[in-house]
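This report concerns only the one structure given below.
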Amino acid sequence: MTLEYIRQSLFFFRRHFGTIARIQLPFIIGLNLLGLVLHSGLDADSSQANTATAVLMLLNLSMLPLYWGATILFLQSAVDNQPLTAFQAVAVGLKYWRRLLVTYLLTGFAVTGGLLLLIVPGIYAGVRLVFADYVCVLEDQKPVASLRQSWAESDAYFWLLLKGLLIIFGGLFLIEAPLLYLAERSGYNTAWSEAALSVIFDLLGTLVTVYGFRIYSLMRSQSTPT
C-alpha cells in the first residue's frame, strides 16, 4: 500500500512538475545564489562566514513558509481541477505566511526536543506533526490548533507516513550521495556544483510534500461522512 501511494505521488509530481518548479525555483535558486555571494572569498571558519550562514538561515526560514504554503495551495487546487498558476499560488500563500512560519517553528522545536531525547522521539513527533502544515493552510487553522489536529489525526496513518517518508528520503539520498562523491573524485566539487545539486534536490524534495499531502487527502476522505 505504501508503494502504491508513493507511485501516485510520483505521478502527480511529474504531471504538475512545471508549476511546482515555477513556484519553488525562484526562491531556491535565489537563496543558493545569495549563499554563494555571501560566502565568496570568506574563510569557512571566520566570524564573517558564521554571520553569513546565520543570515542565510534567517532568510531561508522567512522564505520557506511562503513557497511551501504556495505549493500546498497549488496541490489542493490541482486536486480540485481548478489549478492555480504559480503566481496565483504565491500571492494567495502570502495570507498564510506568518501562521505557517509559527507552525513550522513549533514543529521544529518539537522535533528538535525529541531528537535530543535519543532521536526516536524526534522522528515520532515529526511524523505525527506532518499534517500540521496542510491543516494550517487548507483548513485555515491557527498554529497550535494545527499541531493538535495533526497529532490527533495522524495516529492511524503513522506507519504509512513513516514508511513512505523513509523510502522517499532514502531514495533521494541514494541518488545525491553518489553524485556528490563523483563530483569530488572528478575535481568538479566546487561551490557552484554544490549549489546546482542543492537546487535540484531541494526541488525533488517537494515529493515529500506531495506524499504527505496524498496521505492527508486520504485521511480527509476517510473521515468525511458519506
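Quick notes on this structure:
- With respect to the conditions (1) assigned to a helix (DSSP H, G or I); (2) of a type in the set (A, V, I, L, M); (3) at positive phi, LEU118 falls short on a single one, namely (1).
- For region 9-31, the set of residues classified as within 28 Å of LEU160 (Cβ to Cβ) and loosely packed, with under 15 Cβ neighbours inside 10 Å consists of LEU10, PHE11, ARG14, ARG15, PHE17, ALA21, listed by residue number.
- Counting only residues that are surrounded by 12 or more Cβ atoms within 10 Å (Cβ to Cβ) and at pLDDT below 80, region 32-49 holds 5 of them.
Yes or no, residue by residue, for (1) of a type outside the set (Gly, Ala, Ser); (2) over 23 Å from PHE27 (Cβ atoms):
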position	(1), (2)
VAL90	yes, no
VAL111	yes, no
GLY114	no, yes
ALA132	no, no
ALA156	no, yes
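- Meets criteria (in contact (Cβ under 8 Å) with a residue 60 or more places away in the chain, in contact with a Gly (Cβ under 7 Å, 6 or more places away or on another chain), of a type in the set (Gly, Ala, Ser) and assigned to a helix (DSSP H, G or I)) for GLY93: no
- Selection from region 2-26 of residues that are under 17 Å from the mean Cα position of the chain (by Cα) and of a type in the set (Ser, Thr, Tyr): SER9, THR19
- Counted residues, region 152-187 - those being under 21 Å from TYR5 (Cα atoms) and of a type outside the set (Val, Ile, Thr): 20
The values are calculated or read from the model by the stated rules, or taken from the named source; none is laboratory data. Keep in mind that what you see is a predicted model, and the values were worked out from it rather than measured. Every residue, glycine among them, receives a Cβ derived from its backbone with ideal geometry; neighbour counts consider all protein chains shown.
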